[in-house]
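Structure first, commentary second.
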Amino acid sequence: ETEIGLLLRQAADGTISRLIVSGRVKYGERVRDALMRHCEKDLGPLALPQIPPATAPFTVAEYFPDPLVSGFHDPRQHAVSLAYLVPIDGECQPSHDALDLAWVTPEEAASDEVRVEMTGGHDRLLRLALAHAGRLP
């Protein structure tokens with residue numbers, strides 16, 4: 001059965017929301033290594049992420065300080081996000097800065113209950129991932 005892992009975190013502004021695993025690629029770092037680092041950082045060292053052999057994203061999202069530009073919002077910067085589907089084969093433990101890690105079905109992930117818990121466009125990115133995987137209800 002397919003489930004999607006959603007992190008619960010407190011943002012810098014004090015709000016609490018559901019997020020997907022995300023993060024930057026460091027200078028000189030390969031995309032594949034960054035994917036592994038972020039999965040292990042957010043899901044624990046025993047998560048065993050199955051990074052795809054080809055590091056082609058399923059979509060590219062642009063985050064803007066102005067939430068009206070693209071629907072993807074980051075008040076700190078303009079950022080380009082490469083989005084991947086990464087299967088997890090191991091045991092997951094939310095990282096020290098995550099309050100919770102919830103596993104939801106594709107139907108639950110696409111629900112209004114989950115959508116309202118997500119901010120910054122992560123709900124839109126989640127729906128794009130579900131559609132890409134052929135799992136959007």
One residue is enough: does the stretch 43-50 have a residue meeting the conditions over 16 Å from ILE4 (Cα atoms), open to solvent by less than 40 Å² (accessible area, probe 1.4 Å) and not aliphatic (A, V, I, L, M)?
no
Some residue of the stretch 18-35 being at negative phi and in contact with a Phe, Trp or Tyr (Cβ under 8 Å, 6 or more places away or on another chain)
yes
Any idea how many residues of the stretch 96-137 are in contact with a strand residue (DSSP E or B) (Cβ under 8 Å, 6 or more places away or on another chain), part of a loop (DSSP other than H, G, I, E, B) and surrounded by 15 or more Cβ atoms within 10 Å (Cβ to Cβ)?
4
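Which of the following residues is surrounded by 14 or more Cβ atoms within 10 Å (Cβ to Cβ) and not in a strand (DSSP E or B): GLU62, GLU40, GLU29?
When all the criteria are applied, what remains is GLU40.
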Give the stretch 4-26 a look and list any residue that's open to solvent by 80 Å² or more (accessible area, probe 1.4 Å) and in contact with a helix residue (DSSP H, G or I) (Cβ under 8 Å, 6 or more places away or on another chain), or say none.
ARG24, LYS26
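The values are calculated or read from the model by the stated rules, or taken from the named source; none is laboratory data. Just so it is clear, the model here is predicted, and its values are computed rather than measured. Using ideal geometry, Cβ is built from the backbone for each residue, glycine included, and neighbour counts are taken over all protein chains shown. In case anyone asks, the SASA skips ligands and DNA or RNA and just uses the protein heavy atoms, side chains included. Shrake-Rupley method; radii C 1.70, N 1.55, O 1.52, S 1.80 Å.
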